[in-house]
Amino acid sequence: MGRAATDRQRFEEMYTAHYDAVARYASRRTSSPDDAVDVLGETFLTAWRRLDDVPPGDEARLWLYAVARRVLANHYRGAARRELLVTKLRGEFTEAAPTWEPSEVGAVQAAFGRLSADDRELLSLTGWEGLSPGEVAQVLGCRAGTARARLHRARKRFARALAREGVDVERYGARAVAMAEGVLG
């Protein structure tokens with residue numbers, strides 16, 4: 001029997017002998033079955049990769065517990081980092097979210113919808129995608145000066161359409177496109 005076959009047999013015997021114990025260990029220390037399965041899988045993957053380090057007999061179970069303990073620590077550190085990131089991003093999006101009168105939502109939708117498809121695309125590329133006039137020019141296949149002129153005219157038409165709908169353009173100013181994004185996006 002070759003080395004690979006011997007390693008596989010040894011791993012399978014260890015897995016069969018200690019699977020239930022490690023599964024219970026992981027289940028008691030996680031909040032969901034999915035997390036327990038992840039810990040269990042990572043623990044046995046580590047055992048396979050480091051098979052030469054796994055002690056024989058029942059000491060293997062203790063070694064697997066130690067690995068599972070480290071996997072759990074990594075899992076909780078990762079979860080804490082993810083939670084911090086989610087909290088940070090949620091705060092950033094909340095601060096950046098435009099505010100407008102709920103009664104004006106329909107008016108913004110109507111004004112934006114009445115624009116030509118070309119005007120909506122220009123305003124969307126700048127307001128929603130955050131592109132500069134030079135970048136808009138690349139997307140549209142025209143010169144930067146042409147894109148700036150078209151964008152200027154589209155903004156004026158949008159402002160007029162908003163005014164016709166009764167939206168206080170002075171109050172929103174440049175936020176009107178962001179407002180349309182929030183309503184239509």
field: From Asp34, Asp38, residue being surrounded by 12 or more Cβ atoms within 10 Å (Cβ to Cβ), within 12 Å of His75 (Cβ to Cβ) and among the acidic types (Asp, Glu)
entry: Asp38
- prompt: Looking at (1) farther than 30 Å from Trp128 by Cα; (2) loosely packed, with under 11 Cβ neighbours inside 10 Å; (3) not β-branched (Val, Ile, Thr), which is the one condition that is false for Glu13?
  reply: (2)
message: Please go through region 20-31 and give me each residue that is in a helix (DSSP H, G or I) and open to solvent by 80 Å² or more (accessible area, probe 1.4 Å), ordered by number.
response: Asp20, Arg24, Arg28
task: With respect to Arg171, determine if the residue is at pLDDT 85 or above and in the same structural domain as Ala110 (by TED's automatic domain parsing).
output: no
query: List pairs: first in region 58-79 and assigned to a helix (DSSP H, G or I), second open to solvent by 90 Å² or more (accessible area, probe 1.4 Å) and not hydrophobic (A, V, I, L, M, F, W, C), Cβ under 9 Å, 6+ apart or cross-chain?
result: Val67/Arg50; Ala68/Arg29; Arg69/Arg29; Val71/Asp38; Leu72/Arg29; His75/Asp38
Subset of region 42-53 [under 23 Å from Ala80 (Cβ atoms) and open to solvent by 40 Å² or more (accessible area, probe 1.4 Å)]: Glu42, Leu45
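The values are calculated or read from the model by the stated rules, or taken from the named source; none is laboratory data. Predicted, not measured: the structure shown is a model, and the values here were computed from it. All Cβ positions, glycine included, derive from the backbone under ideal geometry; neighbour counts span all protein chains shown. Accessible surface is based on the protein model in full, side chains and every heavy atom, while ligands, DNA and RNA are left aside. Shrake-Rupley method; radii C 1.70, N 1.55, O 1.52, S 1.80 Å.
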